[in-house]
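Throughout, read-outs are computed from the coordinates displayed, never taken from laboratory work. These numbers were taken from a predicted model, which means no experiment stands behind them. Note: ideal-geometry Cβ built from the backbone for every residue, glycine included; neighbour counts use all protein chains shown.
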Amino acid sequence: MKYIGLENLSKRKNQLVFILFILSMLYTVSIFIAPLTLEPGTVTELQGTPNQVVYAERWEELPLYHRAVYTFGDLNCHQMHSRSYYVNGNQMPIAGRITGVFFGFTAGFFLMSFVSGSENYKRTLLDLMKVDPELSNGKEMALLFLLGALFILPMILDGSLQFVIDYDSFNEFRTFTGFLFGFGFSVFISSIFLSS
């Protein structure tokens, strides 16, 4: 079994994961600071499209820090005002689900910064869960598949069902499914980095 502790942070691979934690934490904090430090009502009623910057002209009016945070959100999220949280009378730069994803990234990268890697990503994940090394390969893979599905499927199902049937989930649930996805994804990616 691998040990979780501060001494692992001295390893180069753990430092890389810690840098990912710092970056995700900085953006996660920024999605709250940006709307909090703007005049109330400065950013409202956004309705963008993911994977493109829709409001470039609008962001030009903001101070540099706020512009960067909102532009990054605009690029990565639909920013639907009905699915976003508001802070200080301003819409946050990203919608509820992606807010959860960034919280999950932050938590997962933080945890994995202190995990000692194994010979491969599969063993790193299994050691993290304290799974018996004598477990058969088939059972190990089934367990990893089940856990992966547990972290990823809620977000996929919640998002997809809204396209297929007359269903609209509530924001707290979107945030929760985003958190599960972000946490599971960051733990998986970190285990790849930490594997030797």
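Would you check which residues across segment 37-69 are part of a helix (DSSP H, G or I) and either among the small types (Gly, Ala, Ser) or surrounded by 13 or more Cβ atoms within 10 Å (Cβ to Cβ) (or both) and list them?
Once the filter is applied, which keeps residues that are part of a helix (DSSP H, G or I) and either among the small types (Gly, Ala, Ser) or surrounded by 13 or more Cβ atoms within 10 Å (Cβ to Cβ) (or both), segment 37-69 yields Ala56, Arg58, Trp59, His66, Arg67, Ala68, Val69.
Hey, among the residues in segment 16-32 that are surrounded by 15 or more Cβ atoms within 10 Å (Cβ to Cβ) and among the β-branched types (Val, Ile, Thr), which one's nearest to Gly108 (Cα to Cα)?
By that ranking, first place goes to Val17.
Being among the hydroxyl-bearing types (Ser, Thr, Tyr) and over 22 Å from Thr106 (Cβ atoms) is the filter here; which residues of segment 162-194 pass it?
Hits for segment 162-194 are Tyr167, Ser169.
Taking the condition of being out of contact with any Leu (no Cβ under 6 Å at 6 or more places or on another chain), closer than 21 Å to Phe102 by Cβ and aromatic (Phe, Trp, Tyr), how many residues in segment 149-173 meet it?
Number of matching residues: 2.
Can you tell me how many residues within segment 79-92 are assigned to a loop (DSSP other than H, G, I, E, B) and surrounded by fewer than 19 Cβ atoms within 10 Å (Cβ to Cβ)? Show your work before the answer.
Filtering segment 79-92 down to residues assigned to a loop (DSSP other than H, G, I, E, B) leaves 79-80, 84-85, 88-89, 92.
When the remaining residues are screened for being surrounded by fewer than 19 Cβ atoms within 10 Å (Cβ to Cβ), the result is 80, 85, 88-89.
Here the count works out to 4.
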